[in-house]
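The values are calculated or read from the model by the stated rules, or taken from the named source; none is laboratory data. Because the structure is predicted, anything quoted here is derived from the model rather than measured. Counting neighbours? That spans all protein chains shown, and the Cβs are built from the backbone with ideal geometry, glycine included. Heavy atoms of the whole protein, side chains included, go into the accessibility calculation; ligands, DNA and RNA do not. Shrake-Rupley method; radii C 1.70, N 1.55, O 1.52, S 1.80 Å.
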Amino acid sequence: QVQLVESGGGLVQPGGSLRLSCAASGSFFSTYAMGWYRQAPGKQRELVARITSGGATFYGDSVKGRFTISRDNAKNTVYLQMNSLKPEDTAVYYCNADHYGTWDWGQGTQVTVSS
């Protein structure tokens, strides 16, 4: 099992920015596909962004052009840079690791976008 710890969430005004971090345990981080998902109250969990072990990225339509996912394999960390935040981005954001078909999840970090 991969242990994942998210950080960086908080309260931000519309139009503002946040950077989320996800620190992963283990010695094989560079081989994992990593992702960010979010879940708002009363809604289903949705894909925000994904990055493969080779660095290819994919974004959900609602965040494309505003969010950027990246990884630092030397630090066993994946990031989500969130710009031009909107109230509809308010959700709990979860980090995901895909290692050889097994998916592990972090505990989540709250992002609230409000004036």
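Given the residues Leu80, Leu85, which is the only one that is surrounded by 14 or more Cβ atoms within 10 Å (Cβ to Cβ), among the aliphatic types (A, V, I, L, M), in contact (Cβ under 8 Å) with a residue 24 or more places away in the chain and under 15 Å from Ala23 (Cα atoms)? Steps first, answer last, please.
Details: Leu85 fails: under 15 Å from Ala23 (Cα atoms).
From the options Leu80, Leu85, the qualifying one is Leu80.
For region 43-59, enumerate the residues that are more than 22 Å from Ala23 (Cα to Cα) and either within 11 Å of the chain's Cα centre (by Cα) or open to solvent by less than 90 Å² (accessible area, probe 1.4 Å) (or both).
From region 43-59, those more than 22 Å from Ala23 (Cα to Cα) are 43-44; that's our starting set.
Selection gives nothing.
Find all pairs meeting these conditions: Cβ atoms under 6 angstrom apart; at least six residues apart or on different chains; first residue within region 57-75 and of a type in the set (Val, Ile, Thr); second residue open to solvent by 50 Å² or more (accessible area, probe 1.4 Å).
Listed pairs, sorted by first residue: Ile69/Thr57.
Can you tell me how many residues in region 79-100 are modelled with pLDDT of 95 or more, touching a helix residue (DSSP H, G or I) at 6+ places or on another chain (Cβ under 9 Å) and closer than 17 Å to Val5 by Cβ?
Total meeting the criteria: 1.
Inside region 1-24, can you point out the residues that are assigned to a loop (DSSP other than H, G, I, E, B) and either closer than 20 Å to Ser84 by Cβ or open to solvent by less than 40 Å² (accessible area, probe 1.4 Å) (or both)?
Start the filter on region 1-24 by keeping residues that are assigned to a loop (DSSP other than H, G, I, E, B), which leaves 1-3, 8-9, 13-17.
Those that are assigned to a loop (DSSP other than H, G, I, E, B) and either closer than 20 Å to Ser84 by Cβ or open to solvent by less than 40 Å² (accessible area, probe 1.4 Å) (or both): Val2, Gly8, Gly9, Gln13, Pro14, Gly15, Gly16, Ser17.
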